[in-house]
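Q: Below you will find the structure I want to go over with you.
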Amino acid sequence: MPQQSNDYRVVVFGAGGVGKSSLVLRFVKGTFRDTYIPTIEDTYRQVISCDKSVCTLQITDTTGSHQFPAMQRLSISKGHAFILVFSVTSKQSLEELKPIYQQIVQIKGSVESIPIMLVGNKCDETQREVESREGEAMAKEWKCAFMETSAKMNYNVKELFQELL
């Protein structure tokens, strides 16, 4: 039986429409919706077992628009781990993660000890603009992990949150 409880604040960032909410809802509720509903900010709690203990993940699903820089800074300063999501169907969505990553570095200082996962979502789609190797190269440059997921097909979703911690 797990001995201790750990609380982790996981923050999910990415451009609008890349599938942040879809990944979070697939992980927390096991559901997927085809319609796009923009998010301002939602927080979900999920209990998982990790390394013989129970972890409570407080997952903050952030807005895809950059209209709320103060909220973004606050989310970074309070976050313990970060998921940076882009869509493999949009090179622009990968580009939009660069300033967010830079802000994490600026606020957190060294990112060596901070769990960060770069995620290429929608890997089930055929209209790719970003190849796996491009995601891997970016992750290497940022010294973080990389994974491709599909919230729609429930591919690598649970693994994403487990690998992060």
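Q: Would you call Thr35 among the polar types (S, T, N, Q), closer than 25 Å to Ala137 by Cβ and part of a loop (DSSP other than H, G, I, E, B)?
A: No; evaluated as a whole, the condition is false for this residue.
Q: Do we find that Val130 is assigned to a strand (DSSP E or B), crowded, with 16+ Cβ neighbours inside 10 Å and of a type in the set (Val, Ile, Thr) in this structure?
A: When the stated conditions are applied, Val130 does not pass them.
Q: Next up: Counting only residues that are among the charged types (D, E, K, R), farther than 20 Å from Tyr8 by Cβ and assigned to a loop (DSSP other than H, G, I, E, B), how many does segment 133-158 have?
A: Matching residues across segment 133-158 total 1.
Q: Moving on. Which members of segment 42-85 meet the condition of being of a type outside the set (Ser, Thr, Tyr), surrounded by fewer than 17 Cβ atoms within 10 Å (Cβ to Cβ), modelled with pLDDT of 90 or more and in a helix (DSSP H, G or I)?
A: The answer is Arg73, Leu74, Lys78.
The values are calculated or read from the model by the stated rules, or taken from the named source; none is laboratory data. Just so we're clear, the structure is a prediction, and the values are computed from it rather than from any experiment. Here the Cβ is made from the backbone with ideal geometry for all residues, glycine too, and neighbour counts use every protein chain on show.
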